[in-house]
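Take a look at the structure set out below.
The values are calculated or read from the model by the stated rules, or taken from the named source; none is laboratory data. Given the structure is predicted, the values throughout are model-derived calculations rather than measurements. Positions of Cβ are generated from backbone atoms using ideal geometry, with glycine treated the same way; all protein chains shown enter the neighbour counts.
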Amino acid sequence: MADRTRALDQLRKEIVTEDACPDLRQGATQLVMGAGSSDADIIIIGEAPGKKEDELGVPFVGASGRFLDVMLDAAGMSRDDVYITNIVKYRPPNNRDPKREEKEAFWPYLIRQIDIIDPRVIITLGRHSGMSLLPELVIANDHGKAIRMKVGDKERIIIPLYHPAAALYNGSRRQELIDDFRAAAEARPQS
Ligand code: URA
């Protein structure tokens with residue numbers, strides 16, 4: 001097992017043994033840690049697992065995930081080219097918004113997860129995810145902007161985007177998200 005994969009596995013075990021967020025853990029089927037390449041240049045951070053994610057243990061596998069696949073495809077990428085996770089790693093009951101204390105409970109683990117993967121670009125999806133890193137974020141003004149900031153042990157590029165769920169109910173948001181995502185993907189180093 002590669003070092004980063006092993007470190008992510010160790011982190012997952014710590015979240016479980018330290019019982020990071022007992023309130024959410026009790027109502028959830030399982031921890032949804034993340035998926036994709038542990039060597040990715042881009043980490044994509046959503047809000048919290050939904051019903052399907054809770055069942056399968058994989059982030060973004062429901063309706064929002066299908067649109068995330070469209071966004072990746074439009075940028076010429078697949079799930080194997082990125083690492084996908086959430087701020088909160090257990091499903092909140094009835095898909096309610098994660099509470100502040102729940103986001104805080106997972107925060108140190110998320111920072112370690114980012115440090116392990118060591119991406120150059122962090123794409124946040126939705127308000128909860130974006131505002132966790134950029135508290136002053138006004139998503140309507142700031143979506144798609146590349147912001148340099150120290151996250152964990154390094155300076156990284158943060159690009160806040162609307163949540164893909166927004167595209168499911170708003171047709172014009174669809175193209176906006178695809179365009180933002182394509183531009184964000186180009187911010188990664190070219191190999
Ligand atoms: N929405 C999210 O923010 N994350 C998921 O994993 C699924 C839906």
- Query: Does the stretch 94-105 hold any residues that are assigned to a helix (DSSP H, G or I), buried (at least 19 other Cβ atoms within 10 Å of the Cβ) and not small (Gly, Ala, Ser), and which are they?
  - Reply: Glu102, Lys103
- Message: Among the residues of the stretch 151-171, what is the count of those that are surrounded by fewer than 16 Cβ atoms within 10 Å (Cβ to Cβ) and outside any strand (DSSP E or B)?
- Response: 5
- Message: Going through Pro135, Pro108 one at a time, which residue ends up being modelled with pLDDT of 95 or more, surrounded by fewer than 23 Cβ atoms within 10 Å (Cβ to Cβ) and assigned to a loop (DSSP other than H, G, I, E, B)?
- Response: Pro135
- Just one of the numbered conditions (1) at pLDDT 95 or above; (2) part of a loop (DSSP other than H, G, I, E, B) is not true of Lys13; which one? (2)
- Message: If I filter the stretch 98-155 down to residues being basic (Lys, Arg) and touching a helix residue (DSSP H, G or I) at 6+ places or on another chain (Cβ under 7 Å), which single residue comes out as farthest from the ligand (Cβ to nearest atom)?
- Response: Arg112
- Can you tell which of Gly65, Gly57, Gly27 is closer than 28 Å to Arg182 by Cβ and of a type in the set (Gly, Ala, Ser)? Gly65
- Message: For a quick check of your reading: which helices (runs of 4 or more DSSP H) sit entirely within the stretch 19-87 and have at least 1 residues that are surrounded by fewer than 19 Cβ atoms within 10 Å (Cβ to Cβ), within 10 Å of the ligand (Cβ to nearest atom) and not small (Gly, Ala, Ser)?
- Response: 51-56
- Message: Based on this model, can you work out whether Arg91 counts as within 11 Å of the ligand (Cβ to nearest atom) and either in a helix (DSSP H, G or I) or in contact (Cβ under 8 Å) with a residue 60 or more places away in the chain (or both)?
- Response: yes
- Only one of Arg174, Arg182, Arg148 that is assigned to a helix (DSSP H, G or I), on the phi < 0 side of the Ramachandran plot, within 18 Å of the chain's Cα centre (by Cα) and not hydrophobic (A, V, I, L, M, F, W, C): Arg182
- Consider Asp142 carefully, then state whether it is without any contact (Cβ under 8 Å) to a residue 24 or more places away in the chain and over 17 Å from Ile84 (Cα atoms). yes
